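Quick notes on the structure that follows.
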Amino acid sequence: MQLKGKTVWITGASSGIGRALVLDCARRGANVVLSARNNAQLKAVQTEARLNAGNSLVIPLDLTKYSQFGKSVAQALKKFGAVDYLFNNGGISQRSLAHETHMKVYEEIMAVNYLGNIALTLELLPHMRERKSGAITVISSVAGKLGTPLRTGYSASKFALSGFYEALRAENWRENIQVTMVYPGFVRTNVSINARTGSGKPQGKMDSALEKGISAEECARRTVDAVVAGKNEVYISGARERFGVYMNRFFPGLFTKIIRKAKVT
């Protein structure tokens, strides 16, 4: 699978991994639909990627307002005729202990990370099934494979995505629809700055672990490479996070003791 001349739709495209995905896909010759809440930031990324009105489309999107996604899909299809690749990247994180977290925070995290994510997929799915072609990519997290302190809601939303999309993949293989799950570890973005605290306010500071993580550009490049290669899942992280994933898989009892004291911010 190649991107040149194909149409990709990227959510969370205004910053971080989403912005890097836009730049990478544009360099590979794709038409790009950019979505996030901030229209001005999307326009700036569109310009930075040297995209124009002919090969790109900005569609502001609030993932909590998924009842409106049908209109957005119709707009994209009217412009390009098809959407070949969907990169579900938009999301928010969390930095709070469960007993200090308001229920409204869990509701927001699930609305953005899970319900908004699958809602856009479900709006595009009939189009892909009819064409018997399409690739859906989900930017999850290593936290979607193992639970860590301060991320109960975030981990829950990412675990939920794995269950949904693994089942979706099994349902749609005859229609030639590819589903790729991406599990990044620590990536240098503003995700921790915008992460919700127990009250729902942004944390407002960078995690030290993220400062030492891989770049958003490397994460995007490896993500697109995995999609083009037709992979079902890929881990994009440093040795520390990969060690945690394999430790949890093969030595869960030992991992349980290690994660209690792990520095995860």
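The values are calculated or read from the model by the stated rules, or taken from the named source; none is laboratory data. Only a predicted model underlies this, so the values are computations on that prediction, with no experimental measurement involved. Every residue, glycine as well, gets a Cβ built from its backbone with ideal geometry; the counts of neighbours run over all protein chains shown.
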Please work out if GLY54 is among the small types (Gly, Ala, Ser), assigned to a loop (DSSP other than H, G, I, E, B) and within 27 Å of THR148 (Cα to Cα). no
Cross-chain or 6+ apart pairs with Cβ under 6 Å, segment 30-50 first and polar (S, T, N, Q), then outside any strand (DSSP E or B) and at pLDDT below 95: none
Could you tell me which residue of segment 1-22 is nearest to SER192 (Cα to Cα), considering only residues that are in a helix (DSSP H, G or I) and of a type in the set (Gly, Ala, Ser)? GLY16
Could you figure out which of (1) surrounded by fewer than 15 Cβ atoms within 10 Å (Cβ to Cβ); (2) among the charged types (D, E, K, R); (3) in a helix (DSSP H, G or I) isn't true of LYS205? (3)
Segment 193-238 - residue that is among the hydroxyl-bearing types (Ser, Thr, Tyr) and under 15 Å from the mean Cα position of the chain (by Cα) and, of those, farthest from TYR106 (Cα to Cα): THR223
Read through the list (1) within 22 Å of ILE258 (Cβ to Cβ); (2) part of a helix (DSSP H, G or I), then give the number of the only condition that ALA160 fails. (1)
Would segment 23-30 turn up any residue that is within 17 Å of the chain's Cα centre (by Cα), of a type in the set (D, E, K, R) and not in a loop (DSSP other than H, G, I, E, B)? yes
Output the qualifying pairs, or none if there are none: Cβ atoms under 7 angstrom, residues six or more apart or on different chains, first residue in segment 243-255 and surrounded by 11 or more Cβ atoms within 10 Å (Cβ to Cβ), second residue among the polar types (S, T, N, Q). PHE255/ASN248
Please list, ordered by first then second residue, the pairs with beta carbon atoms under 8 Å, 6 or more apart or interchain, first in segment 52-71 and over 15 Å from ASN88 (Cα atoms), second modelled with pLDDT of 95 or more and of a type in the set (Ser, Thr, Tyr). VAL58/SER35
Quick one: how many residues across segment 75-123 are out of contact with any helix residue (DSSP H, G or I) (no Cβ under 6 Å at 6 or more places or on another chain), within 30 Å of GLY29 (Cα to Cα) and part of a helix (DSSP H, G or I)? 10
GLN68 fails exactly one of (1) over 16 Å from the mean Cα position of the chain (by Cα); (2) at pLDDT 95 or above, namely (2)
The condition from (1) of a type in the set (Gly, Ala, Ser); (2) at pLDDT 95 or above; (3) out of contact with any Cys (no Cβ under 9 Å at 6 or more places or on another chain) that ALA49 misses is numbered (3)
Based on this model, can you work out whether SER199 counts as part of a helix (DSSP H, G or I), modelled with pLDDT of 95 or more and of a type in the set (S, T, N, Q)? no
When you check SER96 against the structure, is it of a type outside the set (D, E, K, R), touching a residue at least 40 places away in the same chain (Cβ under 8 Å) and closer than 21 Å to THR180 by Cβ, yes or no? no
Just to be sure I understand the filter: pairs with C-beta atoms under 7 Å, separated by 6 or more residues or on different chains, first member in segment 135-148 and touching a residue at least 24 places away in the same chain (Cβ under 8 Å), second member buried (at least 24 other Cβ atoms within 10 Å of the Cβ) and in a loop (DSSP other than H, G, I, E, B). Which pairs pass? ILE139/ASN89
Within segment 239-262, is there a residue that is small (Gly, Ala, Ser), touching a helix residue (DSSP H, G or I) at 6+ places or on another chain (Cβ under 6 Å), within 16 Å of LEU146 (Cβ to Cβ) and in a loop (DSSP other than H, G, I, E, B)? no
Surrounded by 23 or more Cβ atoms within 10 Å (Cβ to Cβ), of a type in the set (Gly, Ala, Ser) and either under 15 Å from ILE118 (Cα atoms) or at pLDDT 95 or above (or both): which single residue out of SER141, SER133, SER155, SER162 fits that description? SER141
